[in-house]
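A.B. asks: First the structure, then my questions, so here it is.
No lab work stands behind these numbers, since they all come straight from the coordinates. Being a predicted model, the structure only gives us computed values, none of them experimental. As a convention, Cβ positions derive from the backbone with ideal geometry for all residues, glycine included, and neighbour counts pool all protein chains shown.
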Amino acid sequence: MRYEGDIYSPHIAGDDYILQCTIGCSHNRCTFCSMYKDKIFRIRDMADILYDIEMAKEYYGDIEKIFLGDGDALTMPATSLIEILDRLYATFPGLFYVGSYASPGSILNKTSLEMKQLQEHGLVEIHLGVESGDQNVLHDIRKGVTYDEMVAAGQKVRDAGIQLFITVILGLAGRTSGALIHAEHTARICNDIQPDYIGILTVMVQPRTELHKKLQEGKFQLPEDKETLEEMSAIIKHLELNNCGITSIHPSNCLHLDGMLPPDKEKLLHILARAIDGTDPVPPRPLDLPKV
């Protein structure tokens, strides 16, 4: 397969075939993210995308799950995305899932009708990096949208009938008094959006990012594992959701949880409480946070 640069997909979509529709990320200014710093954002030529679909058919045969890359395929015109979706479902009879990353800006730039059309043509799920519900944190990490704009983007996805998977990140407020405020506000934004699934991550300070520079300069401190667990507990405690999956199985986290809300809420909080007070030792994480 033909790919330009490093390719990323959500942790839970690791086995999906990735079709690179755009190169890089249309925003690419978040202070914590290094994934697309080596790429200049652009939309690939449609002829190249369609040719890659034919190559995938020849190489893999039938495919059941496909993820549209890179960081923001939804920034493409709706007509182009519909052409791609139609070709995918025509090429792969067994295809039942197509997902994509999307920035809040690319969602807000689509009309409600366009979002509904994407759902009707087979876009099953959108992955949206919410990261935080705290306005100060959103500003500090240069997310590029306000709290209200993020909520509007998430609700537009849900209103179109597209499944919404959002990510939130523990530790973005650092070791400050605002950490639990970040957690509580993050729960509130989740409640306002009412996603289908929440993926919890822990901040990982990557080289060549602004957050890495702040860490080196002493302007940011990474929280300890216990502190991130306290943030996770605060988020889950304040969540008021209807039939929403939640997971912290991403390897950046020191404790892996998986459940459904609201039925598993008390169970998850109990597990967290035992980990926080040391009753149940937390095993070493499979992927250590980078040392600086």
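A.B. asks: Could you tell me which numbered condition residue 129 fails, if it satisfies all but one of (1) surrounded by fewer than 17 Cβ atoms within 10 Å (Cβ to Cβ); (2) in contact (Cβ under 8 Å) with a residue 24 or more places away in the chain?
C.D. replies: Single failed check for residue 129: (1).
Residue-wise test of (1) within 16 Å of the chain's Cα centre (by Cα); (2) within 16 Å of residue 142 (Cβ to Cβ); (3) exposed (fewer than 14 other Cβ atoms within 10 Å of the Cβ).
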{"site": "13", "(1), (2), (3)": "yes, no, no"}
{"site": "28", "(1), (2), (3)": "yes, yes, no"}
{"site": "38", "(1), (2), (3)": "no, no, yes"}
{"site": "45", "(1), (2), (3)": "no, no, yes"}
{"site": "51", "(1), (2), (3)": "no, no, yes"}
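Residue by residue, here is whether (1) more than 30 Å from residue 204 (Cβ to Cβ); (2) not aromatic (Phe, Trp, Tyr) holds:
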site: 22; (1), (2): no, yes
site: 40; (1), (2): no, yes
site: 44; (1), (2): no, yes
site: 53; (1), (2): yes, yes
site: 59; (1), (2): yes, no
site: 77; (1), (2): yes, yes
site: 90; (1), (2): yes, yes
site: 94; (1), (2): yes, yes
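A.B. asks: Related question: Can you confirm whether segment 110-124 contains a residue that is part of a loop (DSSP other than H, G, I, E, B), farther than 14 Å from residue 159 by Cα and out of contact with any helix residue (DSSP H, G or I) (no Cβ under 7 Å at 6 or more places or on another chain)?
C.D. replies: Checked against the condition, which is being part of a loop (DSSP other than H, G, I, E, B), farther than 14 Å from residue 159 by Cα and out of contact with any helix residue (DSSP H, G or I) (no Cβ under 7 Å at 6 or more places or on another chain), segment 110-124 yields no hits at all.
A.B. asks: Just to be sure, is residue 158 of a type outside the set (Ser, Thr, Tyr), closer than 23 Å to residue 101 by Cα and part of a helix (DSSP H, G or I)? Steps first, please.
C.D. replies: Values: of a type outside the set (Ser, Thr, Tyr): yes; closer than 23 Å to residue 101 by Cα: yes; part of a helix (DSSP H, G or I): yes.
Against the criterion (of a type outside the set (Ser, Thr, Tyr), closer than 23 Å to residue 101 by Cα and part of a helix (DSSP H, G or I)), residue 158 qualifies.
A.B. asks: Of the residues 172, 201, 211, only one is in contact with a Ser or Thr (Cβ under 6 Å, 6 or more places away or on another chain), within 18 Å of residue 30 (Cα to Cα) and in a strand (DSSP E or B); which? Show your work before the answer.
C.D. replies: Details: 172 fails: in a strand (DSSP E or B); 211 fails: in a strand (DSSP E or B).
201 is the lone residue from the list that is in contact with a Ser or Thr (Cβ under 6 Å, 6 or more places away or on another chain), within 18 Å of residue 30 (Cα to Cα) and in a strand (DSSP E or B).
A.B. asks: Right, another one. For segment 38-89, how many residues are acidic (Asp, Glu) and part of a loop (DSSP other than H, G, I, E, B)?
C.D. replies: Of the residues in segment 38-89, 6 are acidic (Asp, Glu) and part of a loop (DSSP other than H, G, I, E, B).
A.B. asks: From 85, 81, 68, grab the single residue that is among the aliphatic types (A, V, I, L, M), farther than 25 Å from residue 137 by Cβ, in contact with a Gly (Cβ under 6 Å, 6 or more places away or on another chain) and in contact (Cβ under 8 Å) with a residue 12 or more places away in the chain.
C.D. replies: 85
A.B. asks: Answer yes or no: is there a residue in segment 89-105 that is more than 23 Å from residue 161 (Cα to Cα), surrounded by fewer than 19 Cβ atoms within 10 Å (Cβ to Cβ) and in contact with a strand residue (DSSP E or B) (Cβ under 9 Å, 6 or more places away or on another chain). Before you say what the answer is, go through the steps one by one.
C.D. replies: Here is the first cut: in segment 89-105, the ones more than 23 Å from residue 161 (Cα to Cα) are 91.
Checking the rest, the ones that are also surrounded by fewer than 19 Cβ atoms within 10 Å (Cβ to Cβ) come to 91.
Then drop every residue that is not in contact with a strand residue (DSSP E or B) (Cβ under 9 Å, 6 or more places away or on another chain), which leaves none.
Scanning segment 89-105 turns up no residue that is more than 23 Å from residue 161 (Cα to Cα), surrounded by fewer than 19 Cβ atoms within 10 Å (Cβ to Cβ) and in contact with a strand residue (DSSP E or B) (Cβ under 9 Å, 6 or more places away or on another chain).
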